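Student: Sharing a structure here in structure tokens format.
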Amino acid sequence: QKKKLLEELGESRLPYMTPGDAGFHQLWKTKYSKLIFRKSDTIPEELHRVVQEAFLTLREHDFFFQDLVRIKGKDFVTPVSRILIGNPGCTYKYLNTRLFTVPWPTEGYEIKYCSPQIHDACKALMKLNDYLHTEAVQALQGQKSSGTKETKDTVVIDRGQSFDTSVKEKESVLKDQSSCYVSEDDYTRLKNRTSFNLTLLNYMDPLQMLYLKQEPYFGMGDMAVSWHHDENLVARSTVAVYNYSCEGSAIEESNEQYLKGRDPAVWHVGLKVAWDIETPGLAMPLHQGDCYFMLDDLNMTHQHCVLAGFVPRFSSTHRVADCSRGTLEYIYDRCELALQNLQTDSDSTTLALKSLEAAVVKQVEETHNEVEFEWLRQFWFQGKRYLKCTDWWLKPMAKLQEFWRKMEVMVS
């Protein structure tokens, strides 16, 4: 599709708009209405402080890593460095690479961090996750009810309140309001599609990059992340992004030549309708502390890219990862089911199989391969980098390795 589109374009470029263009807001409203933006000054100052400290702490400890990924059979190292933080036992797979969460401090789990600062950083990102969840529910509810009533100013956070209290009270108000506009079932669906279970943190300093790809369709400039749909997500779930670009003296006024396009000094998120050459693209500037939400099916119908500025930039991208095959609970259940076919005679230590039916043997071997190639090899190849952050995954991996050994015996 990409090749066909580029051939059709030839040397020409598709039009795109930035906030400085006359038709920008009309284009946003009609073609990109499920992109919701929150300016930095609408977000609690205390939340900005702890989250931005968390980013800097993680960078200071060298906890951002480039991933080796596979695209169309070829291996690439990502230009962006990342770390995954989220619910204990969750994983996230993209471009054939499985990432393992550094667990945020969750009640009921014993998690040892390498330092108190890393604990605080993970806790701050969990607070951000809770906040963005509440905001996303409100945004979806607002879109559902916009035909009935304008809900833009229904809830205001008092800056004087403690952050934790404001989120809880806001969620309770939203639930009360939801009965006016949407059914309880609809509200539950909205909540489930915004219950972010992890965040993929990104970091890049463009001045350290020898080469960045040029945006190919619109001529938007340097890309940190190429056009894509986020993958491995629950269908129609929201993606929420918190942006922290380290702005300062490095960002100066735009040169005259850039006044009619994107300012190359400022980071932007680019959006386009997938495989469409009729609709102009959108380039939305991202300043320190800004947030945006890709609601409902926007991630499926549109593609997005990240356009690099001149300064280092962090982002926290909160997702409802499809964990149907990506949690410890899932893989433990699969292993225990497979091992039910292993029988030890009561009067000896001899091992035997209860059934030699093809379907049973096949199911065991599929689980055997899944444990080895989707979990053990993936973890020891790249997941072990996180051991400098926490040793939480060591016990689960030892347990999976024991399951794998037993299935080796079953195969033999």
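Student: Hey, can you find the accessible area per residue of the chain for me, probe 1.4 Å, expressed in square angstrom? Please report the intermediate quantities before stating the final value.
Tutor: Working: 20640 Å² over 412 residues.
Value for the chain: 50 Å² per residue.
Student: If you rank MET410, MET209 by how much accessible surface each has, with a 1.4 Å probe, what is the order from largest down?
Tutor: Values: MET410 15, MET209 55 Å².
Sorted descending by solvent-accessible area, the residues read MET209, MET410.
Student: Under the rule of at least 5 residues apart or a separate chain, name every residue whose amide H is placed under 5 Å from the amide H of PHE65.
Tutor: Distant-sequence amide H within range of PHE65: ARG82, ILE83.
Student: Another question, then. Just to verify a number: what accessible area does SER412 come out at with the full protein assembly present, 1.4 Å probe, Å² rounded to tens?
Tutor: 120
Student: Here's something else I'd like to know. When the accessible area of the chain is split by element with a 1.4 Å probe, what percent falls to carbon and sulfur?
Tutor: 51
Student: Okay, next question. With a Förster radius of 60 Å, plug the Cβ-Cβ distance of ASP322 and LEU356 into 1/(1 + (r/R0)^6) and report the FRET value to the nearest 0.05. Can you show the working numbers first?
Tutor: Details: r = 34 Å, r/R0 = 0.57.
Once the sixth-power term is evaluated, E becomes 0.95.
Student: Let me ask you something else. Sum -39500 (n - 2.57) across every DSSP H segment of at least 4 residues in the chain, then divide by the residue count to get the 222 nm mean residue ellipticity, nearest 500.
Tutor: On the way: 11 runs with 141 residues, N = 412.
Using -39500 (n - 2.57) per qualifying helix, the result is -11000 deg cm²/dmol.
Student: On to the next question. Per residue of segment 359-373, what does 6.51 cos²θ - 1.76 cosθ + 1.60 with θ = phi - 60° give for ³J(HN,Hα)? Whole Hz please, x for Gly and Pro, Karplus curve as stated.
Tutor: Karplus-based 3J(HN,Hα) across segment 359-373 equals 4, 5, 4, 5, 5, 4, 5, 4, 5, 3, 5, 4, 4, 5, 8 Hz.
Student: Then there's this: For helix 163-181, report the angle its Cα long axis makes with the longest principal axis of the Cα atoms of the chain; keep it between 0 and 90° and round to the nearest 10°.
Tutor: Between helix and principal axis, roughly 80 degrees.
Student: Ignoring ligands and nucleic acids, what accessible area does GLU408 show with a 1.4 Å probe (Å², nearest 10)?
Tutor: The value for GLU408 is about 80 Å².
Student: What residue among LEU376, VAL411, TYR386 has its Cα farthest toward the positive end of the dipole of segment 328-411, where the charges are +1 on Lys, Arg and -1 on Asp, Glu, each on the Cβ?
Tutor: Result: TYR386.
Student: Using the alpha-carbon atoms, what tilt in degrees (0 to 90, nearest 10) does helix 45-60 show relative to the longest principal axis of the chain?
Tutor: On a 0 to 90 degree scale, this one is about 60.
Student: Continuing with this model, one more query. Over 10 Å intervals from 0, what percent of Cα-Cα pairs in segment 328-411 sits in each interval?
Tutor: Histogram of Cα-Cα distances, whole percents per bin: 16, 45, 26, 11, 2.
Student: Ranked from the most accessible area to the least, with a 1.4 Å probe and all protein chains present, what is the order of ILE111, ILE118? Could you put the intermediate results ahead of the total?
Tutor: Details: ILE111 30, ILE118 0 Å².
Highest to lowest solvent-accessible surface, that is ILE111, ILE118.
Student: Continuing with the same structure: Compute, for the chain, the length of the dipole vector about the Cα centre, with Cβ point charges of +1 (Lys, Arg) and -1 (Asp, Glu) only. Units Debye, rounded to 20. The partial results should precede the final answer.
Tutor: Working: 49 positive and 57 negative charges, 108 e Å.
Value, rounded to 20: 520 debye.
Student: Would you kindly derive the ³J(HN,Hα) couplings of segment 318-323 from the backbone phi angles with the Karplus curve 6.51 cos²θ - 1.76 cosθ + 1.60 (θ = phi - 60°), listing them in order in whole Hz, with x for Gly and Pro?
Tutor: So the Karplus estimates, Gly and Pro as x, are 8, 9, 9, 5, 6, 9 Hz.
Student: I'd like the accessible area for GLU374, computed on protein heavy atoms only with a 1.4 Å probe and all protein chains in place. Round to 10 Å², please.
Tutor: 50
Student: Would you list the P(r) distribution for the chain, with all Cα-Cα distances sorted into 20 Å bins from 0 and each bin expressed as a whole %?
Tutor: 24, 53, 21, 3, 0
Student: Exceeding 19 Å between C-alpha atoms, which entries from my cross-link table qualify? They are LYS93/LYS399; LYS3/LYS34; LYS2/LYS29; LYS29/LYS272. Please list the in-between numbers first.
Tutor: Numbers: LYS93/LYS399 21 Å; LYS3/LYS34 28 Å; LYS2/LYS29 27 Å; LYS29/LYS272 14 Å.
Beyond 19 Å between Cα atoms: LYS93/LYS399; LYS3/LYS34; LYS2/LYS29.
Student: Quick one: among SER324, SER315, SER226, which has the greatest mean-square fluctuation in a GNM of the chain with alpha-carbon springs under 10 angstrom?
Tutor: Result for the chain, Cα springs under 10 Å: SER324 fluctuates most.
Student: So between ASP62 and PHE37, what do we pick up on full extension, going 0.36 nm a residue minus the alpha carbon distance? Show your work: numbers first, answer last.
Tutor: Working: separation 25, 0.36 × 25 = 9.00 nm, distance 3.04 nm.
Full-extension gain reported as 6.0 nm.
The values are calculated or read from the model by the stated rules, or taken from the named source; none is laboratory data. A quick note: this is a predicted structure, and the numbers were derived from the prediction, not measured. Cβ atoms come from the backbone with ideal geometry, glycine included; neighbour counts cover every protein chain shown. Heavy atoms of the whole protein, side chains included, go into the accessibility calculation; ligands, DNA and RNA do not. Shrake-Rupley method; radii C 1.70, N 1.55, O 1.52, S 1.80 Å.
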